[in-house]
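Computed from the coordinates by the stated procedures, all read-outs in this text should not be read as laboratory data. If you're wondering where the values come from, they're calculated on a predicted model, not measured in any experiment. Cβ placement follows ideal geometry from the backbone for every residue including glycine, while neighbour counts extend to all protein chains displayed.
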């Protein structure tokens, strides 16, 4: 634990069980890509399993992160080295946020100041701009090394097995055997991936979002009303990445928005997203009608200088679409969407975000902020799924994508929401088609409305499915959705539920290295290596705690059963014994039966079987 | 709370929030079908919403269930009235279970004895036998009334809206507008559905399992080793049905198996399933090799006389299939499967369950026990999914299904297990094809192996998907799976996760009445009727508790926001206000824009769109 007194920030540090931080060095010494190596029991006779590591220096015993100092600014050399940025005049001297004196006891400002950078002149300093010029940046190489982890070993294993053991249903995604830096570059250039990396967030460990990479997850954090503090939200950020969040969005509202964001950014190794409209609304005292392009623009620049990596902008919610929402069961359920709707209706004017979208892009490209085009008209109920309002906005997001791409801005597209199972695929298909394969980033979707308190589950179902179909990043939903602000436990539950959804999707897409962890934990399970099973689990603490509730004795960690079935009924124990005793006999039997003719041995399902099964997903007998 | 001192059994009684037990009477006065009516706030201006009710008399304030007496035996008149049963000679005098004196302090026997019935002569008293003779039994009518609830209203609403508002993707399931008793009969006669209802379980409230009905869920309970007691397991049964379990399986092992089952059966309004092999193994002192057909047969008859409604029998695990499991990562993970494998290997003989399957059916049909053909070779890991061992057994289950059907026995088929997303549909397709459309009953499937402690989520994802594809009943998985015996909290979590999966599947299949609850809760959400939202939730207690964690004050139950976003950022509040203020203006706008030409208003997705989206589920670019 790492406790800071003023403000009293305590974040969880230290390695996960049986895990070590390792670094893979790239083409230059300062590209040091972190991975988590899980060491297994000697009896396993397996090398440590490397898994993707989002946890930053907080799990590195060699590092000593100090929340008041912030993380090392290791990207600075890369950014400055490109020779296309300059310090912003007076940037560090700007007012630190929204009306800092309008309340007593404001939260403390982050103790250190850094002078912000921006593009020199009207240049583009985006990863997209570099990619289109054929440049592989250190950021791209960093992301490629993370993504390619384990793939070479999987390919070798496949080769040893005679090839063809890879399986999966990709729905058109490209899942290469190896991810090269050039592949990352080309995906970014094509707009199929984004690498969110503001030049003012040099603490970042770069990662890439796109359907031809591992499926990512985002965790929302942030203060609301007076329900939380900076200390709590910084803790939630570190806690969320400890369990696997690939990005975090700071959705703080109310007071001290600027200061909260600064503390989070300076301590975050993952990309940080925001919704600038929230701060703009605070600036105008919470009166949506008083918003203006000028207020919004200044807010955006303020956040750009702080280092926000991507921003949600609800620019596709247009005045003419609002009548489409009048018959809805749940109207407009996006916060940003409802604010903009109110502004449009009050002024009877087209949205200033829509009208100024090109101006917005000119700001974003000067800092390399990715735009996440918000779905202000996403459905908030099963009844409203896939309605005209939703798809009218999606078409507009496609048009805005092209505007952003022309200006070298990286784009992803936000998606719903509440969608029943049979309407999920059409969301993915329409998004790919309409938005030129820009990465899709969905909230769930929730597959039913009837389980408040369990919406991490209603939505993990939809998230797994849309991730399989091609969604690039899944925004988590916590058990508190619809009911209240998530606390620390909710953040963890939401992250784990979404790691499950993302991993289930990766497995189904046939990512070559995805199954390594499943196979390792299943071997551990069959061999009763309980500690290995815990260490390989997404949540080692909970797995161990559940096991120990009924069998706490230390000796039980090597017992060949658990309390679910007990020793006499443990199938794995019986099966293991039987196999051991009869190993030779079984091999003889196998040969005998194989000689005797194949009809007892139906072949493993083939690609043709899968094709037939999935072709049958066409409607039959439905209305 | 209803506390019984000896044994000290406490079960949870009383209605759920804002709910009343109502009964719909059928063609005879003693067909009284329970439903739960949820009363909404007067401002909703909606009639009470009726939902499917599995809770039995425990939620009926008019009833006073006494655990030591058991539930009313209301089916007795129906069973005896058919004139085809007779009391079993000496049945009530048989030894009450497995070696009752072999340990000190045995659990107390159930205080009341009932003389068991069986078919007169070698007749068939199964619902299948009646159905094939064209008879509609009171049980069928009872189940039909439950299933048809809400459908007429949905049809009327559809008609009022001009028709065609129903949507869903059925994958070949027949989803009628109304479920008649004759439809239930015909589905049972065709083998596409089962109505598990042992003539010795007259306490039962009949229900039907089949892919043309609502998707059902099962909760496993039962003692293991010395980890639990009868009192705890009876409590778990009542607790499981309170949250929506459609059936329970008593998987008790160890001591007092007979007594535990008797307490559960006499107090269960839902079908009770068992795995008789567990008790048979206790009878032979836990030595699998000492099992025999005679021991098994006697166990089966003992359970038949007690009133078990369906039994899992691993008769498809054959000696020649065992060599197919040697290369597996997790071998055999079914308890029953591993026991039979051990017996087969020890004796080098074909399974006695397979060889005596016709004899087994002759016993089952004399009591109307459904057979649930166990998947002893189900995959226990992603690596083993859809392998030759699994599908060899499935083919055998198909052959056994035909043997059972010839003898008028009702059949369902158990399925996996651990299966990645892209291999789920082929399981459903193969099962339908191989087993003549007999109902499929799967455990999950779990879509990844890497989340012990969260396998209710890994498996709810797979369960929702296979339920949509046509699986008739989903066996729950609790958070303790792979780790320990589930406690009361785990049972509830497992049940709710599976109610979510089953309901998501029903919605996607287009069950006409399924969406009524989603729409009601979404209207309540949009109108800030918090109490209605809680009452309509699958788990009202958790929803209310989560809300109250941050806004406990009574007045907040009508607040137009929650702590997630606070008042200023509540999209629903803003959207509601904007709509109210601008209602007239919006209507005018809608007319204007519609006049101005349709391109701003993309049509709602059509059946053709869905067909195109789902046709795209064919493999592209996958190996």
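Counting Cβ atoms of other protein chains within 10 Å of each residue's Cβ and taking the mean over peptide A:434-447 gives 1. With its label point defined 7 Å out from Cα along the Cα-to-Cβ axis, residue A:48 lies at 6.3 nm from the matching points of the other copies, in increasing order.
Based on the mean of other Cβ atoms within 10 Å per residue, sort peptides A:28-36, B:284-292, A:540-548 so the most packed one is first.
Packing order, densest peptide first, comes out as A:540-548, A:28-36, B:284-292.
In percent, rounded to a whole number, the relative contact order of the stretch B:515-558 is 35, using alpha-carbon pairs under 8 Å and six or more apart. Pairwise alpha-carbon distances in the stretch B:514-573 exceed 19 Å for 26% of all pairs.
The C-alpha atoms of chain B define a longest principal axis, and helix B:571-595 lies at about 70 degrees to it.
What is the Cα centroid distance between the stretch B:10-60 and the stretch B:426-472, reported in whole angstrom? Using only Cα atoms, the two centres lie 30 Å from each other.
Each of A:122, A:532, A:362 has some number of other Cβ atoms within 10 Å of its Cβ, and from fewest to most they run A:122, A:362, A:532.
With an 8 Å cut-off on Cα pairs and a minimum separation of 6 or more residues, tell me the relative contact order of chain B in percent. Spell out each step's value before the answer.
On the way: 1205 pairs, mean separation 86.4, N = 623.
The normalised contact order for chain B reaches 14 percent.
Between residue B:292 and residue B:399, what's the calculated FRET efficiency when r is the beta-carbon distance and R0 is 22 Å? Round to 0.05. Before the final figure, lay out the partial values.
Numbers: r = 24 Å, r/R0 = 1.07.
Step by step, r from the Cβ atoms, then E = 0.40.
Taking a point 7 angstrom from the Cα of residue A:541 along the C-beta vector, which residues in the stretch A:226-250 have backbone N less than 17 Å away? Under 17 Å, as judged by backbone N against the label point of residue A:541, lie A:232-245 of the stretch A:226-250.
Over the residues of chain B, the helix contribution to mean residue ellipticity at 222 nm works out to -12000 deg cm²/dmol, using -39500 (n - 2.57) for each DSSP H run of at least 4.
Find the eigenvalues of the gyration tensor of the Cα atoms of the protein assembly as shown, then list the square roots of 5 times those eigenvalues as equivalent ellipsoid semi-axes, largest first, in whole angstrom. Kindly include the intermediate steps, with their values, before the conclusion.
Details: eigenvalues 544, 240, 149 Å².
Largest first, the protein assembly as shown gives 52, 35, 27 Å.
Peptide B:413-426 has a mean of 5 when you count, residue by residue, the C-beta atoms of other protein chains within 10 Å of its C-beta. Each copy carries a label point for residue A:298 at 7 Å from Cα toward Cβ; from one copy, the others' points are 9.1 nm away, ordered from shortest.
Ascending distances from the residue B:66 label point to its copies in the other chains, with the point 7 Å along the Cα-to-beta-carbon line: 7.5 nm. Set the Cα radius of gyration of chain A against 2.2 N^0.38 Å, with N its number of residues, and you get 1.00. Legend: mean number of C-beta atoms from other chains within 10 angstrom of residue C-beta atoms, peptide B:474-483, equals 4.
In plain terms, the residue of B:237, B:149 with the fewest other Cβ atoms within 10 Å comes first and the most crowded comes last, giving B:149, B:237.
Seen against the Cα atoms of chain A and their longest principal axis, helix A:540-550 is set at about 50 degrees. Between residue A:62 and residue A:152, the contour length at 0.36 nm per residue exceeds the alpha carbon distance by 29.6 nm. Exposure proxy shown here: for B:457, B:179, A:264, the number of other Cβ atoms within 10 Å sets the order, fewest to most, as B:179, A:264, B:457.
Distance between the 7 Å Cα→Cβ label points at residue A:24 and residue B:549: 3.7 nm. Axis angle, to the nearest 10 degrees, between helix B:388-406 and the longest C-alpha principal axis of chain B: 80 degrees.
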